[in-house]
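Following: one structure in structure tokens, then a few remarks.
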Amino acid sequence: MYKVGDYIMYGKSGVCQIKDICASPFDENDTKTYYVLSPLFGAATVIYTPVENTKIASRTLMKKCDASSLIDKMPEICELEIENEKMRRDIYKQTVASLVPEGFVKVIKTVYSRRRAFAAAKRHLTEVDVEYESYAKRSLYSELSVVLGIPFEEVEQYVIDCIEGKKAQA
């Protein structure tokens, strides 16, 4: 069980802070206990979710050392292998829904590679690619922002600089 003040990854909402744990705000006969979540990035909303919610994935944020380790191993993380284009949306959806940071990296790398190939062929990237790349970046970068104490807008460049710095040392 999370505590008030904890930061968690919560489904498509991304990084949220737990503002309160309370009885149902909707029905006084509801015996469930609810988390009151405040998303850190995106729409200024409040989310009420049952503590026992099993429909939407959530997890604690990675630790700073885990974030640094993830960035270090990003060059070795493989792209997703999608042999059937009809399955692309489902594979992206399943990968990001797991809330695994390496999965976000896989989606980002897969779309990056496709973007380069499509540009070389003078074609536009598919809507599915754009949608899931945006979601994966928002999720990963918001978590890294909180964990590493870096403004969200600077995370992507920070990751690039770290990776290029490792390449220069090699």
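What follows is calculated from the coordinates using simple rules that are stated; it is not laboratory data. Please read these numbers as outputs of a predicted model, since none were measured by experiment. Positions of Cβ are generated from backbone atoms using ideal geometry, with glycine treated the same way; all protein chains shown enter the neighbour counts.
Worth a mention:
- Number of positions in region 87-136 that are of a type in the set (S, T, Y) and touching a helix residue (DSSP H, G or I) at 6+ places or on another chain (Cβ under 7 Å): 4
- The set of residues in region 95-113 being over 30 Å from Y2 (Cβ atoms) and crowded, with 17+ Cβ neighbours inside 10 Å consists of K109, T110, V111.
- Number of positions in region 8-17 that are surrounded by fewer than 18 Cβ atoms within 10 Å (Cβ to Cβ) and part of a strand (DSSP E or B): 1
- Residues of region 69-94 satisfying the condition of being surrounded by 15 or more Cβ atoms within 10 Å (Cβ to Cβ) and either free of Cβ contacts under 8 Å to residues at least 24 places away in the same chain or touching a strand residue (DSSP E or B) at 6+ places or on another chain (Cβ under 8 Å) (or both): I91
- Restricted to strands (runs of 3 or more DSSP E) entirely inside region 30-142, those with at least 1 residues that are of a type in the set (A, V, I, L, M, F, W, C) are 33-39, 47-50.
- Residue within region 49-56 that is surrounded by 12 or more Cβ atoms within 10 Å (Cβ to Cβ), under 16 Å from V100 (Cα atoms) and under 18 Å from the mean Cα position of the chain (by Cα) present: yes
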